[in-house]
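Below: one structure, written as C-alpha cells.
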Amino acid sequence: MIISVASGKGGTGKTIVATNLALSIGSGVQLLDCDVEEPNAHLFIQPTFNKTETIYTPVPKVDEKKCNLCGKCGEICQFKAIVVINDTVLPFPELCHSCGGCMEVCSEGAITETGRELGIIRKGYRNGIEFIHGELRVGEAMSPPLIRKVREYTRADKLTIIDAPPGTSCPVIASMKDTDFVLLVTEPTPFGLYDLKLAVGAVKLLNISSGLVINRSDIGDNKVHTYADEAGLPILMEIPFDRRIAEAYSRGEMIVEAMPEFKEKFLKLYQDIMDLVNS
Amino acid sequence: MKELVVISGKGGTGKTSLMAAFASLDGNKVICDADVDAADLHLITAPTVKERHDFQGGHMAIINKDKCTQCGVCQDLCRWEAITDDFEVDSIECEGCGVCVYFCPEKAIDFPINTCGEWFISETNFGPMVHARLGIAEENSGKLVSLVRREAKKLAEENNLDLILTDGPPGVGCPVIASVGGASGVLIVTEPTVSGKHDMERVIRLAAHFNVPAMICVNKFDLNIDMTRDIENFADEMGLPCLGLIPFDPIFTKAMVQGQTIFEYNMESEAGHAVKQLWEKTCKTLGI
C-alpha cells in the first residue's frame, strides 16, 4: 500500500501531514521523501541514518581515437547533449537525458557510458519507521531519475508514505505514479485552490483515488470547500490555523508530539484512507 | 537592463505575494511569471491577455499499429519502459528521446512535436506581463521558463523598460536553474523555520554555482525570532545581504482573497511598511 502526499502549491503542509501520519502509525511504515530538490521530512523525523548511496545517471564518454566524426550521435540526440563540430566530438553531460541513443547509433563503438552524479540517497530509522530520502546535487537539473531511485526502496510488505514535491510536472508525476492513494494538502486561499485544481488534474490523469486535507482551514475563504464538494473530493481532515502549530513546526517539532491530541486525528485520517482504498 | 528573480527553495514562503507587492510599487518594468508549473501571480495582477502562443516542448513517440510487426526492438532500447506489452507508448513515461523512432526497422513510429503548454503576453495595471501555463504532467518546464524570460526581455527592450521582475519556482531543479541563469540578482524569500533555513541554504549554493548575486529576506520573521537570527547570521557568514524582515501578517491572505496586492488592500499596514523598505533596499543593492 502506497500513499503519496502532494499539493500543487508549495508550503501548504505536505511534509507536516506526511511525517505526522507516519509517526502516528509508527512501526511498519516506510516514509520516502521524494521532494529531492528540497527534502525536509528528515528535519522533523530526525532519523538515525545508517546508509548513504551516491546515485549516478549514465552519460556518454567518447573515445576520440575510435570516433570517425560521422555525426550520427549528434543527429539522434534530442537534447543537444552531444555534437560534432568540425573535427571534434563534444559531449555536454549536464544536458544528457541518459537515453543511450548515441551509444547505440555509434558504428565505431567509440561511445561508452560514464556517470553524472544526480545526488545521494540516505536511509535511516526512527521508532520502527524506515526513512529514505533523496537529495538532488545542487546544480543538477533533473530530479525524476533520482525520485525513481528513491522509490526503488519501496517494500511491498510495508505501508509506504511518499512526501511528493510541489507542482504538477514531471517530478510530481514520478512521485505519485503507481501509488494507491494521493492525499492532497491545500490551504483555503486563491493560490491554494488554483494549484489544487491542477493537482487534481494530474491525479485524474494517473487515475488514482484521492482525498483532501485542508491546512490552516480557517484562513482565506470557503472556495476550496465548495470546490471539493463539487469535484467529489472527500475532505478527510481540516487543521485550523494555530500559532502553536506554526511555532512547533518552525523548530522542527512534530505536531503529534507537541500536541498529542493530534495523534488520534492522524490515525483517523489513516483509517479513512484505508476505507476509501478498500471501497 | 536589470532582472530581479524572486526564489525561495521552499514553497509557500510568500514569493508571489511579495512579487505582486513589488510590482505595484515600481512603474517602469516588465513582470514575468517563471513558475510555469503552478503559476499564481496572475491571480493578483489580473492580466488582460494580448497574445497567446502554443509552447512546443519536445517530441513524443507514437507507434503506427498498421506498420508495427511487434519485433520488440523498441521495447529493448527504451530506457523508460514506456512501450507497453501491446506496443503502445505510455505518454507519461515517454522521455521524447527518439531512440525507438530511429531504430524501428519498419519505420513504424511517428515522432510529432508535442504542444505541452501555452504562454501569454498580457497587460496589467502594473505594466506588461509575460506568463505561461505548462500542461499537467508535462516535461520541459525549464525550456518554457527560458522562453518566458526571453520574451520578457524582448518586451522590455521594445518598450524601453529597464527592469524585469521575475517570480521564480520553488526547488533547485530544472525550472529554477532556468530561472536564475544570467539574472542581475536573486532575492531569496525564506521563513524562520527549520525547513525554510535548510532550503534557503541549498538555493544560496545554487545561486553561487551559477554566479548570480543573492540577497535574502525573511518573511513571517516574528514566528521564530531565534531562527530569524540564525538566518541573518548565516547570510552574514556567506557575505550575503539580509535586506528585510517582514512580520507575520494576515493581510497577505486577506489581500490575496480579494485578488489584490497588500498595498491595494491597505496602504498603511505594518507588513506593507516592511515590504516598502525591503523594496527600496533591493533596488539600491541591485543599482536600480
For this session: Can you confirm whether region A:224-236 contains a residue that is crowded, with 20+ Cβ neighbours inside 10 Å and of a type outside the set (A, V, I, L, M, F, W, C)?
Result: no
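Of all the residues that make up region A:89-140, how many are on the phi < 0 side of the Ramachandran plot and not in a loop (DSSP other than H, G, I, E, B)? Spell out the reasoning first.
Taking region A:89-140 as the starting set, the residues that turn out to be on the phi < 0 side of the Ramachandran plot are A:89-97, A:99, A:101-108, A:110-118, A:120-126, A:129-138, A:140.
Those left that are additionally not in a loop (DSSP other than H, G, I, E, B): A:89-91, A:93-95, A:101-105, A:111-118, A:120-126, A:129-136.
Selection size over region A:89-140: 34.
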For this session: For region A:150-162, name all the residues that are surrounded by fewer than 24 Cβ atoms within 10 Å (Cβ to Cβ) and either in contact (Cβ under 8 Å) with a residue 12 or more places away in the chain or facing chain B (nearest Cβ under 7 Å) (or both).
Result: A:Arg151, A:Tyr153, A:Thr154, A:Arg155, A:Lys158, A:Leu159, A:Thr160
Exercise. Considering region B:135-171 alone, what residues qualify as being buried (at least 20 other Cβ atoms within 10 Å of the Cβ), within 11 Å of the chain's Cα centre (by Cα) and not basic (Lys, Arg)?
Worked result: B:Ser141, B:Gly142, B:Leu144, B:Val145, B:Val148, B:Thr166, B:Asp167, B:Gly168, B:Pro169, B:Pro170, B:Gly171
For this session: Please give the helices (runs of 4 or more DSSP H) falling wholly within region B:215-288 in which 2 or more residues are among the aliphatic types (A, V, I, L, M).
Result: B:225-237, B:251-257, B:270-286
Problem set entry | Matching option when the condition is farther than 23 Å from B:Ala274 by Cβ and in a helix (DSSP H, G or I), among B:Gly142, B:Gly196, B:Gly171 | B:Gly142
Problem set entry | Residue tally, condition surrounded by fewer than 24 Cβ atoms within 10 Å (Cβ to Cβ) and part of a loop (DSSP other than H, G, I, E, B), over region B:13-39 | 5
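Please count how many residues of region B:88-115 are part of a loop (DSSP other than H, G, I, E, B) and more than 27 Å from A:Thr168 (Cα to Cα).
Number satisfying all stated conditions: 5.
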Exercise. A:Asn222: among the polar types (S, T, N, Q), at positive phi and without any contact (Cβ under 8 Å) to a residue 60 or more places away in the chain, yes or no?
Worked result: no
Problem set entry | Check on A:Ile82, surrounded by 18 or more Cβ atoms within 10 Å (Cβ to Cβ) and closer than 25 Å to A:Leu23 by Cα | no
Exercise. When you look at A:Leu118, is it surrounded by 18 or more Cβ atoms within 10 Å (Cβ to Cβ) and touching a Gly at 6+ places or on another chain (Cβ under 6 Å), yes or no?
Worked result: no
Exercise. What do you reckon, is B:Leu43 in contact (Cβ under 8 Å) with a residue 40 or more places away in the chain, in contact with a Pro (Cβ under 7 Å, 6 or more places away or on another chain) and either not in a loop (DSSP other than H, G, I, E, B) or not assigned by TED's automatic domain parsing to the domain that holds B:Leu161 (or both)?
Worked result: yes
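Could you grab me the full set of residues in region A:1-59 that are polar (S, T, N, Q), within 23 Å of A:Gly128 (Cβ to Cβ) and surrounded by fewer than 22 Cβ atoms within 10 Å (Cβ to Cβ)?
Answer for region A:1-59, where residues must be polar (S, T, N, Q), within 23 Å of A:Gly128 (Cβ to Cβ) and surrounded by fewer than 22 Cβ atoms within 10 Å (Cβ to Cβ): A:Ser24, A:Ser27, A:Gln30, A:Gln46, A:Thr48, A:Asn50, A:Thr52.
The values are calculated or read from the model by the stated rules, or taken from the named source; none is laboratory data. Being a predicted model, the structure only gives us computed values, none of them experimental. Note that we place each Cβ from the backbone using ideal geometry, even for glycine, and neighbour counts take in every protein chain shown.
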